[in-house]
1. Anything in region 227-241 that is at pLDDT 90 or above and not charged (D, E, K, R)? List them, or say none.
2. Just one of the numbered conditions (1) under 25 Å from L15 (Cβ atoms); (2) touching a Lys or Arg at 6+ places or on another chain (Cβ under 6 Å); (3) in contact (Cβ under 8 Å) with a residue 60 or more places away in the chain is not true of N57; which one?
3. Is it the case, given these coordinates, that I48 is closer than 26 Å to V298 by Cβ, of a type in the set (A, V, I, L, M) and surrounded by fewer than 24 Cβ atoms within 10 Å (Cβ to Cβ)?
4. Only residues that are β-branched (V, I, T) and farther than 22 Å from Q83 by Cα: list them for region 272-306, please.
5. From G100, G139, G77, grab the single residue that is touching a residue at least 12 places away in the same chain (Cβ under 8 Å), within 28 Å of K156 (Cβ to Cβ) and surrounded by fewer than 16 Cβ atoms within 10 Å (Cβ to Cβ).
6. Among the residues of region 274-289, what is the count of those that are on the phi < 0 side of the Ramachandran plot, in a loop (DSSP other than H, G, I, E, B) and within 17 Å of the chain's Cα centre (by Cα)?
7. Say whether the condition of being hydrophobic (A, V, I, L, M, F, W, C) and under 18 Å from the mean Cα position of the chain (by Cα) is met by at least one residue in region 261-273.
8. Give all pairs with beta carbons closer than 8 Å in which a residue from region 217-241 that is on the phi < 0 side of the Ramachandran plot and surrounded by fewer than 19 Cβ atoms within 10 Å (Cβ to Cβ) meets a residue that is β-branched (V, I, T) and not in a helix (DSSP H, G or I); count only pairs at least 6 apart in sequence or on separate chains.
Amino acid sequence: MMNAAPDQKSRLERLLEAGHFTVSAEVGPPMSASADFVRKKARSLVGIADAANVTDNQTAMVRMSSVAASVLCQQEGLEPVLQMTCRDRNRIAIQSDLLGAHALGLRNLLCLSGDHQAFGNHPQSKNVYDIDSIQLIKGIRELQEDSRFISGSNCKNPPRFFLGAAANPFADPEQLQYIRLHKKIEAGARFIQTQCIYDVERFARWMEYVRRHGLDKKTHILAGLLVNKSVKSLEMTKQVAGMHVPDELVERMKKASDPQEEGVRIALDTIKGLQSIPGISGVHIMAVGWESIVPTIVEEAGFLPRPSLSEVEEANA
């Protein structure tokens, strides 16, 4: 079992600090109590991804606890990035879960607002949103730096997480997205995972803003990538608010004799384009319902073998 020492930085944090271009993936917990389901997904990504997001009731569907699934991933040798949303818990429950997560050896934390419950399988449920993702980042940063809970009371043995947040380079209004990005970084986000990128040119313009304001020096930008296996999945992605899928990509998939192969080629072309943009520290690969393709993407993109921590330590010696 791979457990982090109380003061040890995560693999993801150490790789990014050493300047390595990182590769992260995603593990979606099941809508069941099956530990084997999580373990199998985790094993398939060991040696492929430097870390993997473990989603928190993704799409507002009831799933296995992200904390529990993260521990299962860690037991299989895959470093997890624990996702924590503000939708389902108030500040008491969030801080409680994070104290427990740290005690179990989890060290990476991605703070999110969470998908609205109206999109899930319990639309009648009441959302919480006691605090938002920016307040959560700030609260956890102050907890670990100043040993103070959000309430202001003291914490004797505070946790230490590598804090991350999400950003959408394509959502409107554009200026609001820039404001939120600044606030998340100022609150303490050490890495930023972006929404899925299909329009590399438009993302490059977003990165120009990031570099112009020195944000790439304050945080690590991990570019999001979604791998589509069919025309239908790409068309559905295009309908999601805040997503920008160029029409030519849809036409490209429609004309392909093998849509799955074309989906892989589109992903690889996107990665190649992303690698040419200064200021990007890594890619975050998502393949919802097609996780088995991730090793192929990583290998064909030339990202194997992944660096070991001993290589990082030698380079920094």
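1. V227, N228, S230, V231, S233, L234, M236, T237
2. Looking at each condition in turn, N57 falls short on (1).
3. On the way: closer than 26 Å to V298 by Cβ: yes; of a type in the set (A, V, I, L, M): yes; surrounded by fewer than 24 Cβ atoms within 10 Å (Cβ to Cβ): yes.
Yes: the conditions hold for I48.
4. Hits for region 272-306 are I277, I293, T296, I297, V298.
5. G100
6. 2
7. Initial filter on region 261-273 (hydrophobic (A, V, I, L, M, F, W, C)): 264, 266-268, 271.
Then drop every residue that is not under 18 Å from the mean Cα position of the chain (by Cα), which leaves 267, 271.
Yes: one or more hits.
8. Qualifying pairs under 8 Å: T237/V245; K238/V245.
The values are calculated or read from the model by the stated rules, or taken from the named source; none is laboratory data. Since we're looking at a predicted model, the values are computed, not measured. Note: ideal-geometry Cβ built from the backbone for every residue, glycine included; neighbour counts use all protein chains shown.
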